[in-house]
1. Can you go through Ile48, Ile29 and tell me which one is touching a residue at least 24 places away in the same chain (Cβ under 8 Å) and of a type in the set (Val, Ile, Thr)?
2. When both residues are 6+ apart or on different chains and their Cβ atoms are under 6 Å apart, which pairs have a first residue that lies in region 9-24 and is in a helix (DSSP H, G or I), and a second that is not hydrophobic (A, V, I, L, M, F, W, C)?
3. Might you let me know whether region 119-134 holds any residue that is buried (at least 19 other Cβ atoms within 10 Å of the Cβ), charged (D, E, K, R) and within 24 Å of Ile196 (Cβ to Cβ)?
4. Criterion first (out of contact with any Pro (no Cβ under 6 Å at 6 or more places or on another chain), surrounded by 16 or more Cβ atoms within 10 Å (Cβ to Cβ) and farther than 30 Å from Ala71 by Cα) does Ala171 satisfy it?
5. State all residues of region 74-84 that are open to solvent by 20 Å² or more (accessible area, probe 1.4 Å) and assigned to a helix (DSSP H, G or I); if no residue qualifies, say none.
6. Need the failing condition index for Ala120 against (1) modelled with pLDDT of 90 or more; (2) assigned to a helix (DSSP H, G or I); (3) in contact with a helix residue (DSSP H, G or I) (Cβ under 8 Å, 6 or more places away or on another chain), just the number.
7. Could you grab me the full set of residues in region 37-73 that are open to solvent by less than 40 Å² (accessible area, probe 1.4 Å) and either assigned to a helix (DSSP H, G or I) or farther than 10 Å from Val6 by Cα (or both)?
8. If you go through region 8-26 one residue at a time, do you hit one that is surrounded by 14 or more Cβ atoms within 10 Å (Cβ to Cβ) and over 22 Å from the mean Cα position of the chain (by Cα)?
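The values are calculated or read from the model by the stated rules, or taken from the named source; none is laboratory data. All of these numbers come straight from a predicted model, not from anything done at the bench. Methodologically, a virtual Cβ is constructed for each residue, glycine included, from the backbone with ideal geometry; neighbour enumeration extends over all protein chains shown. Please note that ligands, DNA and RNA were not included when accessible areas were found on the heavy atoms of the full protein model with its side chains. Shrake-Rupley method; radii C 1.70, N 1.55, O 1.52, S 1.80 Å.
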Amino acid sequence: MFLIVVGCGRVGAELAFRLYQRGHQVAVIDQIGSSFANLDPEYRGRTIEGEVLSHDVLTRAGIEEADGLAAATNSDSVNAVVGHMAREVYHVPNVVVRNYDPRWLPMHEAFGLQVVSSTAWGAQRIEELLYQPIGRAVFSAGNGEVEIYELVAPEAWRDRNLADLLAGTEAIPVAFTRAGRSVLPSRELVLEPGDIVHVSATLSGIEALRERAGGTGGPR
């Protein structure tokens with residue numbers, strides 16, 4: 001694939017090198033030439049210095065042939081405009097923009113862009129880790145609004161019915177593993193300590209399950 005990364009700060013440089021390592025053709029655009037020093041010395045893709053909103057610069061980068069574009073500057077307004085241009089003017093099939101300030105998220109959403117908010121996602125992950133809770137996130141969707149968590153059933157869940165345990169929470173079971181064998185969980189499933197349950201949940205949903213893991217709350 002031919003992919004363009006706009007912005008060669010720490011995020012853009014890391015992304016460009018990761019894409020290059022995976023065998024993609026990569027072009028990086030930044031208006032400050034010294035920013036390319038952020039790239040790994042082994043990077044051998046293209047670099048284009050110039051105003052990232054310039055049609056000429058985008059054309060020189062090959063945007064008309066690009067399979068995807070990531071706008072990863074530290075300016076939310078620039079990322080939104082570049083992303084909108086890439087999708088609506090140049091018809092790039094896959095466009096992703098970085099969100100720097102969560103207060104700008106509504107603007108990105110108004111453009112209908114795929115957004116990665118490292119600030120919002122990072123803050124949520126740190127919050128979760130600070131709790132030292134039961135259940136670790138193994139997959140994050142969007143900016144972490146919904147994640148898949150792996151929970152090892154504690155003693156407090158012995159003989160609990162899975163459907164009753166999840167009742168009233170923002171959590172949906174997606175997989176159940178016992179003795180190394182995984183199945184799709186049924187509503188009638190009765191848990192034993194050590195069972196592994198993967199659930200798709202919001203933050204409030206997993207917090208409710210963590211509370212019930214301590215033996216407080218939840219139907220029997």
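1. Numbers: Ile48 fails: touching a residue at least 24 places away in the same chain (Cβ under 8 Å).
Exactly one residue qualifies, and that residue is Ile29.
2. Matching pairs, first to second residue: Ala13/Asn38; Phe17/Asp40; Phe17/Tyr43; Tyr20/Tyr43; Tyr20/Gly45.
3. If we filter region 119-134 for residues that are buried (at least 19 other Cβ atoms within 10 Å of the Cβ), which is where we start, we get 128, 134.
Add one more test, that the residue is charged (D, E, K, R), and what stays is 128.
Still in the running and within 24 Å of Ile196 (Cβ to Cβ): 128.
Checking region 119-134: at least one residue is buried (at least 19 other Cβ atoms within 10 Å of the Cβ), charged (D, E, K, R) and within 24 Å of Ile196 (Cβ to Cβ).
4. Numbers: out of contact with any Pro (no Cβ under 6 Å at 6 or more places or on another chain): yes; surrounded by 16 or more Cβ atoms within 10 Å (Cβ to Cβ): yes; farther than 30 Å from Ala71 by Cα: yes.
Against the criterion (out of contact with any Pro (no Cβ under 6 Å at 6 or more places or on another chain), surrounded by 16 or more Cβ atoms within 10 Å (Cβ to Cβ) and farther than 30 Å from Ala71 by Cα), Ala171 qualifies.
5. Applying the first criterion (open to solvent by 20 Å² or more (accessible area, probe 1.4 Å)) to region 74-84 yields 74-75, 77-78, 81, 84.
Selection gives Ser77, Val78, Val81, His84.
6. With respect to (1) modelled with pLDDT of 90 or more; (2) assigned to a helix (DSSP H, G or I); (3) in contact with a helix residue (DSSP H, G or I) (Cβ under 8 Å, 6 or more places away or on another chain), Ala120 is out only on (1).
7. Step one: filter region 37-73 for residues open to solvent by less than 40 Å² (accessible area, probe 1.4 Å), giving 39, 43, 45, 48, 50, 52, 54, 57-58, 61-63, 66, 68-73.
Leu39, Tyr43, Gly45, Gly50, Ser54, Val57, Leu58, Ala61, Gly62, Ile63, Ala66, Gly68 - these are the residues of region 37-73 that are open to solvent by less than 40 Å² (accessible area, probe 1.4 Å) and either assigned to a helix (DSSP H, G or I) or farther than 10 Å from Val6 by Cα (or both).
8. yes
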